[in-house]
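Input: a single structure, listed below in structure tokens.
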Amino acid sequence: MLAMLAMLILTCDRRMWNWRLVWIWTIGSFVTFLLMFGVISLPLTLFFVVAAVAGGVGMTLRAGLAQPPETATWRALAAGGAVGLLLRIFGVLPAWSLKIAAFDYVETGLWGGLPVTMILATYGLAFAFPYGILLALGRRSNLPLIKGLCVGFIELIRGVPLISLLIMASVMLPLFLPAGTTIDKFLRAQVAVILFAGAYIAETVRGGLQSLPKGQFEAADAMGLNYPQKTLLIVLPQALRVVIPPLINTFIGFFKDTSLVLIIGIFDFLNTANQALVDPNWAGFPGEIYLFAAFVYFIFCYSMSRYSKWLEIDLNKGTRR
């Protein structure tokens, strides 16, 4: 939990919003899951996927801006990752993996307490945020198929409660899987949280995109930027700055909604507090237990609220009238 807190605190520092953020999340996630699982296995395929994605993103964002050596580096990284991935898919390369066993293996069914709540909220929102941005961009797309799919998905997810998605992921999904195929229950709950949060984040981001004057898009086009560069360097920074308050409001709501996973038998922080009442040593103190749980939730939610306020002021220094 301390590793995750350190990772989140460093992420809040704007000086880290560059290539350092990748290292912070890589190291923080590695330490977190090594301590939670006890054993981590990193397959060779993962390294190829990371290299291909990093090279592709670098080529796209730096197209026309980077010097020839940098462009060649991104191309080599993307090509190396893509070739390695193809060789691995066709069985030319063996199924090698780097196994790190620091402790005994711990199943996710044995996880519980505040670390479970933090993992569900942190990684749920970390994956839902870019996913929601893609949905928002897709909803504003001029391509009818992409726009229709995004609108249909957003309206479908927003039309059902989170509990129903969690029950679908926990009970219904295994019925549609081939015999002998299982997906970890914790992972299924995490995916349900990501899908649900992504739909709400998409609508929040869409509000920011619609608030931008048309001249910003035309100015980006006049600079000769391609669509990813225009979106990531010009449009999104302005749109996200506008929607900081509702975005953090959504984050706070989903942090508290992670307590709903108790419906499918996952021991998050609140469910662990409930189970503590079964212990004879704590049976006579339900008030103290729930007050402590409420205090912990309040600390996290209030911290996010104050950070939102500071970030809003800091990012709008140059535009305040």
The alpha-carbon pair-distance distribution computed for the stretch 127-220, with 5 angstrom bins and whole-percent values, is 3, 13, 18, 19, 16, 13, 8, 4, 3, 2, 1, 0
In the chain, taking the dipole from +1 charges on Lys and Arg beta carbons and -1 charges on Asp and Glu beta carbons about the Cα centre, the listed residue (Asn274, Leu143, Met172) farthest towards the positive end is Leu143
Normalised by the empirical 2.2 N^0.38 Å for globular proteins, what value does the Cα Rg of the stretch 45-186 take? 1.40
Once phi for every residue in the stretch 168-179 is put through the Karplus expression 6.51 cos²θ - 1.76 cosθ + 1.60 (θ = phi - 60°), the whole-Hz ³J(HN,Hα) values, with Gly and Pro written as x, are 4, 5, 8, 10, 7, 4, x, 6, 9, 7, x, 4
Where does each of Ser170, Ser305 land when they are ordered by accessible area, with a 1.4 Å probe and the largest first? Ser305, Ser170
What accessible area per residue comes out for the stretch 241-321, rounded to a whole number of Å², with a 1.4 Å probe? 61 Å²
What does the charge count near Pro43 come to, summing +1 for each Lys or Arg and -1 for each Asp or Glu among other residues with Cβ under 12 Å from its Cβ? +2
Using a Gaussian network model on the chain with a 10 Å cutoff between Cα atoms, which of Phe103, Phe30, Phe285 fluctuates the most? Phe285
Connecting C-alpha atoms closer than 10 Å in a GNM of the chain, tell me which of Leu135, Leu311, Leu42 has the biggest fluctuation. Leu42
Shape call, the stretch 5-89: gyration tensor on alpha carbons, a/c limit 1.5: oblate
Using the Karplus equation 6.51 cos²θ - 1.76 cosθ + 1.60 (θ = phi - 60°), what ³J(HN,Hα) coupling, rounded to whole Hz, does each residue of the stretch 124-129 give in order, writing x for Gly and Pro? x, 6, 5, 7, 5, 5
So with the 1.4 Å probe, I'd like the accessible area per residue for the stretch 171-239, rounded to whole Å². 52 Å²
Quick one: with all protein chains in place, what share of the accessible area of the chain is carbon or sulfur, to the nearest percent (1.4 Å probe)? 70 percent
For Leu42, enumerate residues with amide H under 5 Å from its amide H, sequence gap 5+ or separate chain, H modeled in the peptide plane. Leu98, Lys99, Ile100
Cβ-Cβ cut-off under 15 Å around Leu195, Lys and Arg +1, Asp and Glu -1: the net charge is -1
Leaving out ligands and nucleic acids, and using a 1.4 Å probe, what accessible area per residue does the stretch 1-110 come to in Å²? 66 Å²
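The values are calculated or read from the model by the stated rules, or taken from the named source; none is laboratory data. Just so it is clear, the model here is predicted, and its values are computed rather than measured. Every residue, glycine as well, gets a Cβ built from its backbone with ideal geometry; the counts of neighbours run over all protein chains shown. Quick note on the areas: whole protein, heavy atoms, side chains included, nothing else; ligands and nucleic acids left out. Shrake-Rupley method; radii C 1.70, N 1.55, O 1.52, S 1.80 Å.
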